[in-house]
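A.B. asks: Below: one structure in structure tokens.
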Amino acid sequence: GVFSRDPQDRPRSLPRPSTETTLNRRTIMAAALAVAAAQWAVATPVQAQSAYPDQLIKWVVPYPAGGGTDTLARTLAESIRPGLGQRIIIDNRPGAATNIGAEQVAHAKPDGYTLMSADNGVLAFNEHLFKKLPYRPADDFTYIGAIGKFPLVLVASPAFPVADFAQFLAYVRARPGQVDYASVGNGSPHHLAMALFQSKTGTTLTHVPYRGAAPAMQDVMGGQVPVMFLDLASGLQIIKSGKVRPLAIGSATRSPLLPDVPTLAEVGVADVEVFAFQGLLGPAGLPAPIVATLNRALNQALADPAVLNRFTEFGFEPLPGTPDAFKQLARSESARWGQVIRANHISLD
């Protein structure tokens, strides 16, 4: 048959390949192996990064549980989690004017599993308030994206004998150093806002720092301290209830939540836009694909109607955008407030 062979047939010897042919084959094989190795080397990190996240993510909040920053972080984490496909736990690390939490994140492994809510204190104030800081805001973090900002409102106790901003300004100018103002603590946005206000208006008020927003607001409502700058997130409800009297808001335009409250610019105080901002950070050196994944998830959460409704309740304005835009905001705010801190000789050392 076709596949049968005469048993008398003997296989003939095939000619041996020449030395040149052998070398050519070896060269081709070596080249193929080199290409395969190069392709594997390129593909491996991409494959490893594309798996992110494959474990639980820790989100550090440098404030106690239950405060405004903590609530915002928990709201966002809940909205971001489905898109990432991993649990996000909030890790409250308060203390040392946010430095405890910030130092922990600055020294964490840059793998995308340790993140942080960062505000004016971490990114704009502390490098000017402390001679020695355990981190460098410009260099020791990866900027992922801004979360948002909320303006500060100048409010007065109902017992304070002024009905509007003009009366307030006339009153304090006639009594230099005799009118107290509250803040939520030394070096806080509320403290520095009033320092800037005084320098722009030529007034002198006496600072009464508190440990947190709640006791400061309580004493302003009760008339023990007549005025303070109050962030809209903490104070919106007591403003609307009439427990404090809003005199002016430190935003560029009027807030839709308080449409009858004029801006500081409208009442004649220029260049005093005062707000607190927050954003999302990781340790320095986060790989670009991880940053892109987190930035995309953050911006999607900031467009979530449920998140937007919650932010509106706080008077919080979302700031979706790029990592570079967030870093530019933080560095410009640092330069602006550094001048105020130095001019007023404010220190937390």
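A.B. asks: Within segment 138-223, considering only helices (runs of 4 or more DSSP H) that don't extend past its boundaries, which have at least 2 residues that are of a type in the set (Gly, Ala, Ser) and within 24 Å of SER347 (Cβ to Cβ)?
C.D. replies: It comes to 189-201, 213-222.
A.B. asks: Let me ask something else. Please identify the pairs in which a residue from segment 235-253 that is without any contact (Cβ under 8 Å) to a residue 24 or more places away in the chain has its Cβ atom under 6 Å from the Cβ atom of a residue that is assigned to a loop (DSSP other than H, G, I, E, B) and open to solvent by less than 30 Å² (accessible area, probe 1.4 Å), counting only partners at least 6 apart or on another chain.
C.D. replies: ILE238/VAL244
A.B. asks: Considering only segment 95-117, how many residues are among the small types (Gly, Ala, Ser), in contact with a helix residue (DSSP H, G or I) (Cβ under 7 Å, 6 or more places away or on another chain) and open to solvent by less than 10 Å² (accessible area, probe 1.4 Å)?
C.D. replies: First, pick out the residues of segment 95-117 that are among the small types (Gly, Ala, Ser): 95-97, 101-102, 106, 108, 112, 117.
This time we only want the ones that are in contact with a helix residue (DSSP H, G or I) (Cβ under 7 Å, 6 or more places away or on another chain), so: 97, 102, 112, 117.
If we keep only those that are open to solvent by less than 10 Å² (accessible area, probe 1.4 Å) too, we end up with 102, 112, 117.
Result for segment 95-117: 3.
The rows are residues; the columns are (1) within 14 Å of SER157 (Cβ to Cβ); (2) at pLDDT 95 or above; (3) touching a strand residue (DSSP E or B) at 6+ places or on another chain (Cβ under 6 Å).
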position: VAL184; (1), (2), (3): no, no, no
position: LEU192; (1), (2), (3): no, yes, no
position: THR206; (1), (2), (3): no, yes, yes
position: GLY212; (1), (2), (3): no, no, no
position: GLY222; (1), (2), (3): yes, yes, no
position: SER234; (1), (2), (3): no, no, no
position: ALA252; (1), (2), (3): no, no, no
position: LEU257; (1), (2), (3): no, no, no
position: ASP260; (1), (2), (3): no, yes, no
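A.B. asks: Mind checking whether some residue in segment 326-344 is over 15 Å from ASP119 (Cβ atoms), in contact with a strand residue (DSSP E or B) (Cβ under 7 Å, 6 or more places away or on another chain) and not in a loop (DSSP other than H, G, I, E, B)?
C.D. replies: So far as segment 326-344 goes, no, none of its residues is over 15 Å from ASP119 (Cβ atoms), in contact with a strand residue (DSSP E or B) (Cβ under 7 Å, 6 or more places away or on another chain) and not in a loop (DSSP other than H, G, I, E, B).
A.B. asks: Residues of segment 306-321 being out of contact with any Ser or Thr (no Cβ under 9 Å at 6 or more places or on another chain) and either under 12 Å from LEU76 (Cα atoms) or of a type in the set (S, T, N, Q) (or both), which ones?
C.D. replies: The first filter runs over segment 306-321 and keeps only residues out of contact with any Ser or Thr (no Cβ under 9 Å at 6 or more places or on another chain), leaving 308-309, 312-313, 316, 318-321.
Matches in segment 306-321: LEU308, ASN309, THR312, PRO318.
A.B. asks: Give me the pairs, please: first residue somewhere in segment 120-148 and farther than 17 Å from THR69 by Cβ and in contact (Cβ under 8 Å) with a residue 24 or more places away in the chain, second residue anywhere and among the aliphatic types (A, V, I, L, M) and part of a loop (DSSP other than H, G, I, E, B), beta-carbon distance under 7 Å, and either six or more positions apart or on two chains.
C.D. replies: So the pair list comes out as GLU127/LEU133; LEU129/ILE346; LEU129/LEU348; PHE130/LEU348; ASP139/ALA284; ASP140/ALA284; THR142/ALA284; THR142/LEU286.
A.B. asks: Can you name the condition, by its number, that VAL291 falls short on among (1) in contact with a Pro (Cβ under 7 Å, 6 or more places away or on another chain); (2) β-branched (Val, Ile, Thr); (3) modelled with pLDDT under 95?
C.D. replies: The one condition VAL291 does not meet is (3).
Residues checked against (1) within 20 Å of ALA51 (Cβ to Cβ); (2) within 15 Å of the chain's Cα centre (by Cα); (3) assigned to a strand (DSSP E or B):
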position: THR75; (1), (2), (3): no, yes, no
position: SER79; (1), (2), (3): no, no, no
position: GLY83; (1), (2), (3): yes, no, no
position: GLN86; (1), (2), (3): yes, no, no
position: ALA97; (1), (2), (3): no, no, no
position: GLN104; (1), (2), (3): no, no, no
position: ALA108; (1), (2), (3): yes, no, no
position: ASP111; (1), (2), (3): yes, no, no
position: LEU115; (1), (2), (3): yes, yes, yes
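A.B. asks: Would a scan of segment 205-212 turn up a residue that is open to solvent by 10 Å² or more (accessible area, probe 1.4 Å), in contact with a helix residue (DSSP H, G or I) (Cβ under 7 Å, 6 or more places away or on another chain) and under 16 Å from ALA248 (Cα atoms)?
C.D. replies: no
A.B. asks: Being over 20 Å from ALA182 (Cβ atoms), touching a Ser or Thr at 6+ places or on another chain (Cβ under 8 Å) and either polar (S, T, N, Q) or modelled with pLDDT under 95 (or both) is the requirement here; does GLN278 meet it? Write out each step before concluding.
C.D. replies: On the way: over 20 Å from ALA182 (Cβ atoms): yes; touching a Ser or Thr at 6+ places or on another chain (Cβ under 8 Å): yes; either polar (S, T, N, Q) or modelled with pLDDT under 95 (or both): yes.
Yes.
A.B. asks: Could I ask something else about it? Pull out all pairs, ordered by first then second residue, where Cβ-Cβ is under 7 Å, the residues are six or more apart or on different chains, the first lies in segment 54-77 and is touching a residue at least 60 places away in the same chain (Cβ under 8 Å) and over 14 Å from THR98 (Cα atoms), and the second is of a type outside the set (Ser, Thr, Tyr) and part of a strand (DSSP E or B).
C.D. replies: LEU72/ILE147; LEU72/GLN278; LEU76/ILE147
A.B. asks: Within segment 102-118, is even one residue without any contact (Cβ under 8 Å) to a residue 40 or more places away in the chain and aliphatic (A, V, I, L, M)?
C.D. replies: no
A.B. asks: Quick one: which strands (runs of 3 or more DSSP E) lie wholly within segment 225-304 and hold at least 1 residues that are hydroxyl-bearing (Ser, Thr, Tyr) and open to solvent by 30 Å² or more (accessible area, probe 1.4 Å)?
C.D. replies: Answer list for segment 225-304: none.
The values are calculated or read from the model by the stated rules, or taken from the named source; none is laboratory data. This is a predicted model, so every value here is computed, not measured. Cβ coordinates were reconstructed from backbone atoms using ideal geometry, including for glycine residues, and neighbour counts include every protein chain displayed. Surface accessibility is based on the protein's heavy atoms, side chains included, excluding ligands, DNA and RNA. Shrake-Rupley method; radii C 1.70, N 1.55, O 1.52, S 1.80 Å.
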